1. With the checklist (1) of a type in the set (Gly, Ala, Ser); (2) modelled with pLDDT under 95; (3) not in a loop (DSSP other than H, G, I, E, B) in hand, flag the one item Ala97 doesn't pass.
2. Take the range 61-115 and flag every residue that is of a type in the set (Gly, Ala, Ser) and under 25 Å from Arg3 (Cα atoms).
3. Could you grab me the full set of residues in the range 100-115 that are in contact with a Phe, Trp or Tyr (Cβ under 9 Å, 6 or more places away or on another chain) and either modelled with pLDDT of 95 or more or open to solvent by less than 60 Å² (accessible area, probe 1.4 Å) (or both)?
4. Leu11 fails exactly one of the following numbered conditions: (1) aliphatic (A, V, I, L, M); (2) crowded, with 17+ Cβ neighbours inside 10 Å; (3) part of a strand (DSSP E or B). What is the number of that condition?
Amino acid sequence: QVRLVESGGGLVQPGGSLRLSCVFSGWFFSNYVMTWYRQAPGKERELVAATTDGGDTNYADSVKGRYTISRDNAKATVTLQMNSLKPEDTAVYYCNARKQQLQFWGQGTQVTVSS
């Protein structure tokens, strides 16, 4: 089984930065596509950023140029550096691990952007 634990959320002012981390417990982390999703109140969960097992990355248009996803296969960790945060970035952020038909979710971490 795979367990994902997110950390790094919190309250930040507009324009500020946060760094989210997701620690993967299980086997063969490097074979998984790792993705950050977010879900704001009253909205559907949406893809924020993803990194493939080959290291390619993909971002939602709303975060391009502000967010950076990275993975450390040796530490089985994926991080999301979030800069220039906006109030509309407020959401619960979830870490997701996917390999073929297998998919696992973390519990989520709250990010609130407010003055």
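1. (2)
2. Going residue by residue through the range 61-115, those that are of a type in the set (Gly, Ala, Ser) are 62, 65, 70, 74, 76, 84, 91, 97, 106, 108, 114-115.
Those that are of a type in the set (Gly, Ala, Ser) and under 25 Å from Arg3 (Cα atoms): Ser70, Ala74, Ala76, Ala91, Ala97, Gly106, Gly108.
3. As a first pass, look at the range 100-115 and keep what is in contact with a Phe, Trp or Tyr (Cβ under 9 Å, 6 or more places away or on another chain): 102, 104-111.
Phe104, Trp105, Gly106, Gln107, Gly108, Thr109, Gln110, Val111 - these are the residues of the range 100-115 that are in contact with a Phe, Trp or Tyr (Cβ under 9 Å, 6 or more places away or on another chain) and either modelled with pLDDT of 95 or more or open to solvent by less than 60 Å² (accessible area, probe 1.4 Å) (or both).
4. Checking Leu11 against (1) aliphatic (A, V, I, L, M); (2) crowded, with 17+ Cβ neighbours inside 10 Å; (3) part of a strand (DSSP E or B), the one that fails is (2).
The values are calculated or read from the model by the stated rules, or taken from the named source; none is laboratory data. Quick caveat, the model's predicted, so the values are computed rather than measured. Every residue, glycine among them, receives a Cβ derived from its backbone with ideal geometry; neighbour counts consider all protein chains shown. These area figures cover heavy atoms from the full protein model, side chains too; ligands, DNA and RNA do not enter into them. Shrake-Rupley method; radii C 1.70, N 1.55, O 1.52, S 1.80 Å.
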